[in-house]
Amino acid sequence: MNNKFFANELIKWYEYHHRDLPWRSTRNAYYIWLSEIILQQTRIAQGLPYYERFTEAYPTVIDLANAPEQEVIRLWQGLGYYSRARNLHQTAKYIVEELNGAFPTTYAGLLKLKGIGPYTAAAIASFAYDEPVAVVDGNVYRVLSRVFGIDTDITSGEGQRQFANLANELISREQPATYNQAIMEFGAVQCTPSSPDCLLCPVQPHCVAFATGRIHLLPVKVKKTKVRERFFNYFVIVQNGRIAMRQRTDKDVWQKLFDFYLIETEAIVQSIDEFIDNQTINAIFSQTTINPPSRIFTHILTHQRIQAQFWVLEAPPEITLNLPPELAFLTEEEIENVPKPVLVTSYWKEHFF
Ligand code: SF4
């Protein structure tokens, strides 16, 4: 199949079948960047309200750069992968402080920004500036592997190079933005992972996977993500109607979000006696009333599965507790307003409302 024919078929299909989404009708690099970062690892239905909230709260990159980091993370709450929100904010500051508020206008320039990889740089460069550089995301891998019958592992370096080269050969030089939108939308709507609509597909007569019965075998993805199992034990220390929390600072999940005093263990803890060797928590135990543990809350991230139990420790009003320095007492209202991991929010809603 000729490259031009493929690109034209996708563009024609796109004109009739695409979904109207707010970031598709703008050439503003800032809005496109926001939408791309929000939609990484996120479904459109989930990301759309966040896009609307961010563009309303921060209509320009200058507004985003000037916002307090905690406010940005709070607005991001619920989307997960919080490093995206921190990178977003830092990059906005960099653009304002170092680039006079102007986005780089080329793929190569965009790639130098923190949090912008090849996919996002290609999306912004093509959608905002019509640079003919191809996007390669999961949808593109699927469409190209099926149409051209390519069974190279898409997680291998060789596969990534092969698909990127092919995608860049196929992109329309006349309409790079529409072509990139079209191939991604085609993968999301027509050539879907488990039930592609082959009967009404404009490229079906040329599709190698269709002709050879390999639709469900492509694309090939060999590597399986290894999931790390983690067990969190949270201690919710309550005194005078306030609760001790800390801001997470370690290089770990949920950096800068707020949670409670935490001890991580190798497995689910069956009895509070298992913390006998931990002097810090034993000192707090000796000053408080220990309530039975909560149910187990589970949170699944791409590479981790976290199971958490919470214990409420109630301290008498008059004593001075021996708390670790990172903990500070917050009122319920303050807790409502600080950014928290979804797992902590779920527990909070179940037990404090
Ligand atoms: S024929 Fe089916 S598998 Fe091939 S591109 Fe069309 S929808 Fe995808």
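General remarks:
- Contour minus Cα-Cα distance for Thr26 and Val189 (0.36 nm per residue): 56.5 nm
- Once both labels are positioned 7 Å from their Cα atoms along Cα-to-Cβ, the gap between Lys221 and Val342 label points is 1.8 nm.
- With the charge dipole of the chain set up from +1 on Lys and Arg Cβ and -1 on Asp and Glu Cβ about the Cα centre, the Cα lying farthest toward the positive end among the listed residues Phe275, Gly109, Tyr234 is that of Gly109.
- A convex hull fitted around the alpha carbon atoms of segment 26-141 yields 96 Å³ per residue.
- In the chain, the DSSP-assigned H stretches of four residues or longer account for a calculated mean residue ellipticity at 222 nm of -13000 deg cm²/dmol, using -39500 (n - 2.57) per stretch and the full residue count as denominator.
- The count of lysine pairs in the chain that are at least 8 places apart or cross chains, and whose C-alpha atoms lie under 23 Å apart, stands at 13.
- Placing unit charges on the Cβ atoms of the charged side chains and taking the dipole of segment 3-217 about its Cα centre, the candidate lying farthest along the positive direction among Ser145, Tyr31, Ala85 is Ser145.
- Over all orientations, segment 228-352 has a Cα convex hull whose mean projected area works out to 7.5 square nanometres.
- Tail fraction, Cα-Cα pairs, the chain, threshold 26 Å, whole percent: 59
- Helical segments meeting 18 Å axial Cα length and Kyte-Doolittle -0.5 threshold in the chain (DSSP H): 44-57, 176-189
- When the Gaussian network model of the chain links Cα atoms closer than 10 Å, the mean-square fluctuations of Ser271, Ser294, Ser145 top out at Ser271.
- Here the gap between Tyr81 and Asn100, fully extended at 0.36 nm per residue and compared with their Cα-Cα distance, gives a gain of 4.0 nm.
- Each Lys and Arg Cβ is given +1 and each Asp and Glu Cβ -1; about its Cα centre, the chain then shows a dipole of about 1020 debye.
- Taking every Cα-Cα distance in segment 216-257 and sorting them into 10 Å bins starting at zero, the pair-distance distribution P(r) comes out as 18, 30, 22, 15, 10, 5, 0 percent.
- Label point distance in nm, His303-Glu158, each placed 7 Å from Cα along Cα→Cβ: 2.5
- If R0 equals 45 Å, the separation of the Cβ atoms of Leu200 and Phe329 corresponds to a calculated FRET efficiency of about 0.15.
- Model label points for Ser294 and Glu71, set 7 angstrom from Cα along the Cα-to-Cβ axis, are 2.9 nm apart.
- Using C-alpha pairs under 8 Å with a sequence gap of at least 6, the mean separation divided by the residue count of segment 229-353 gives a relative contact order of 36 percent.
- Under the criterion of Cα pairs below 8 Å and six or more residues apart, the relative contact order for segment 3-217 equals 24 percent.
- Candidates Ala209, Ala283, Ala167, ranked by Gaussian network fluctuation over the chain, Cα under 10 Å, top entry: Ala283
- Residue among Val312, Val236, Val222 with the largest mean-square fluctuation in a Gaussian network model of the chain, springs linking Cα atoms under 10 Å: Val222
Values quoted throughout were computed directly from the atomic coordinates according to the rules given, and no laboratory measurement underlies them. Predicted, not measured: the structure shown is a model, and the values here were computed from it. FYI the Cβ positions are ideal-geometry reconstructions off the backbone, even for glycines, and counts take in every protein chain you see.
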